[in-house]
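The values are calculated or read from the model by the stated rules, or taken from the named source; none is laboratory data. A quick note: this is a predicted structure, and the numbers were derived from the prediction, not measured. Quick reminder, even Gly has a Cβ in these numbers, built from the backbone with ideal geometry, and neighbours come from all protein chains shown. What goes into the accessible areas is simple: the full protein's heavy atoms, side chains included, and nothing from ligands, DNA or RNA. Shrake-Rupley method; radii C 1.70, N 1.55, O 1.52, S 1.80 Å.
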Amino acid sequence: MGQQRIKLAAFDLDDTLLLPEGTLSERARAAIEKAADLGMEIVLASGRSFSSLPAELLGMPQIHYAITSNGAAVNEVPSGKRILARCLSPESIRVILKLAREEELVLEAFVEGIPYAWETYLQNPESYGCPSWSVPYVKRTRRPCNDMEEFLRLHEGELDSVDLICRSQEQRLRYRSILEARTGELYMTTSVPHLLELSAAGGGKGSGLAWLCGRLGISREETAACGNGDNDADMLLYAAIGGAVANASEVCRKAADILLPSNGEEGAAVFLERLMEENGKGKESL
């Protein structure tokens, strides 16, 4: 699988490390515990804000770091202390708001790891394109806001990221094209079909992983990453070994070195077990 001992493995959460019902399997938990005991750093890497991360993962003493909001922040676990924050520029916010007014868009905004959304959207997310399986999560994690435009203006310089709620893939692609033409100050990605996720240029999970590796003194050749979404692709490309679960998007699959079983078949646990097995063989056998 690799040519050097893996010292850090980063995992996307939803539809990757977590089972379809959103929980951590006993096999995955055991693999994380064993890998940490063997000296491997296990890092959470999510499009979620820090406050939205599952408590069962934040409570694991083996996990010390989380890349959140698609690389806009890196947090220590379990304290949530930010050791990296990349906020959207005021100019980027103005460009986003102009598009939102033109298209009458519904927005989500993230400030210091806390997500906010338009109150009317939270009353019936499905009517705005949010898939039914995501509704409980959205209602549980988002704080309501009556005026998102004013909220964004008030928090200029503090916004980790902004999500555009899209009713179709065609809308999402069109909004992305418009924003690409208007500014070069945005990192744009997608973790689920109904969102276009916007953060500062230079963002992304791959960038967050590179920064954390530099802080920890771990080389690129000593890293692995596992994911399923478009927003995981740059992380898989950065890592020496990138694994995509079978339910991954086409973009993520193309970025991966190996294809794993689906998240329902515990593909991320399989990946971590293989990494430990290869580490145990020694460099000569890799």
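In a reduced charge model with +1 at each Lys and Arg Cβ and -1 at each Asp and Glu Cβ, the range 1-133 shows a dipole moment near 580 debye about its Cα centre. What angle, in degrees between 0 and 90 and rounded to the nearest 10, separates the Cα long axis of helix 90-103 from the longest principal axis of the Cα atoms of the chain? Between the helix axis and the principal axis of the chain, the angle is about 60 degrees.
DSSP loop GluC sites (Glu not before Pro) in the range 52-118 with at most 15 other Cβ atoms within 10 Å of their Cβ, which ones? It would help to have the intermediate numbers written out before the result.
Working: sites: 56, 76, 91, 102, 103, 104, 108, 112; in loops: 104, 112.
Answer in residue order: 104.
Within the range 145-164, which residues have the backbone N less than 16 Å from the label spot 7 Å out from residue 112 along Cα→beta-carbon, could you tell me? It comes to 152, 154-161, nothing else. Taking 7, 281 and ordering them by how much accessible surface each has at a 1.4 Å probe, largest first, produces 281, 7.
Given the range 90-159, what whole percent of its Cα pairs are spread farther than 13 Å? Everything past 13 Å amounts to 65 percent.
Please give the FRET efficiency for residue 123 paired with residue 169, using the beta carbon to beta carbon distance and R0 = 25 Å, rounded to the nearest 0.05.
On the way: r = 25 Å, r/R0 = 0.98.
It comes to 0.55.
As an exercise, take the mean of 1/r over every pair of distinct alpha carbons in the range 4-119, invert it, and state the Kirkwood radius in angstroms.
Values: mean 1/r = 0.0633 Å⁻¹.
This gives a value of 15.8 Å.
Against the chain, whose longest principal axis is taken from its Cα atoms, helix 205-216 shows a tilt of about 50°.
Pop out the carbon and sulfur fraction of the accessible area of the range 38-189 as a percent, whole number, probe 1.4 Å.
Details: 3200 of 6680 Å².
The nonpolar share, carbon plus sulfur, comes to 48 percent.
In the chain, taking the dipole from charged Cβ atoms about the Cα centre, the farthest positive-side position among 97, 242, 53 is held by 242. Give the residue list of trypsin sites (Lys or Arg not before Pro) in the range 66-151 that are DSSP loop and have at most 16 other beta-carbon atoms within 10 angstrom. When the trypsin sites (Lys or Arg not before Pro) of the range 66-151 are filtered for loop state and at most 16 Cβ neighbours within 10 Å, 81 remain. Around the Cα centre of the chain, unit charges on the Cβ atoms of Lys, Arg, Asp and Glu (plus for the first two, minus for the last two) sum to a dipole of about 360 debye.
Whole number in Å², please: accessible area per residue of the chain, 1.4 Å probe, ligands, DNA and RNA not counted.
Details: 11990 Å² over 286 residues.
Accessible area per residue, the chain: 42 Å².
If one takes the longest principal axis of the Cα atoms in the chain, at what angle in degrees, from 0 to 90 and to the nearest 10, does the Cα axis of helix 169-182 lie? The two axes meet at around 80 degrees. When every Cα-Cα distance of the chain is counted in 5 angstrom steps from zero, the calculated P(r) takes the values 1, 6, 13, 17, 19, 17, 12, 8, 5, 2, 1, 0, 0 percent.
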